[in-house]
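Rule-based calculations on the coordinates, nothing more; no lab input. None of these values were measured; they are calculated from a predicted model. As a convention, Cβ positions derive from the backbone with ideal geometry for all residues, glycine included, and neighbour counts pool all protein chains shown.
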Amino acid sequence: MSSTNRENVEKSLIEIIEDLVQDWGLDLADGISGRTSLVEDLDFASVDIIQLCVAIEQFYGKKIGFQSLLMEDGSYVSDLTVSQIADYVAQRV
């Protein structure tokens, strides 16, 4: 994975998330960055995470399969950062 590809993925991911949360009335003084957590910082619920995964797959026009990112040792992860998702997506596109 090239760093340029990874950076482009994160930039695109931030734009996708901004589109999803634009009407939520969140106080994002620092904006969304790689360190932003979906649940802790953006108040994502599980349905929002699913919508994000679908939006990412639509953006790239391919099935990415987020199961191994969202589940760890048979349980769902409690939160993810934008950077973690970008790393995962960059390895698969």
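Once the chain is represented by equal point scatterers at the alpha-carbon sites, with solvent omitted, what log10 I(q)/I(0) does the Debye formula produce at q = 0.10, 0.20, 0.25 Å⁻¹? Listed by q, the Debye log ratios stand at -0.24, -1.00, -1.54.
With no solvent and one point per C-alpha, what does the Debye sum give as log10 I(q)/I(0) for the stretch 34-73 at q = 0.15, 0.22 Å⁻¹? Here the Debye-derived log intensity ratios amount to -0.40, -0.82. Label zone of residue 62 (point 7 Å out along Cα→Cβ, amide N under 12 Å): in the stretch 76-93 this covers 89-93. Rounded to the nearest 20, the Cβ-based charge dipole of the chain about its Cα centre (Lys and Arg +1, Asp and Glu -1) stands at 580 debye. The gain in end-to-end length when the residue 8 to residue 75 segment is fully stretched comes to 21.1 nm, 0.36 nm per residue minus the alpha carbon separation.
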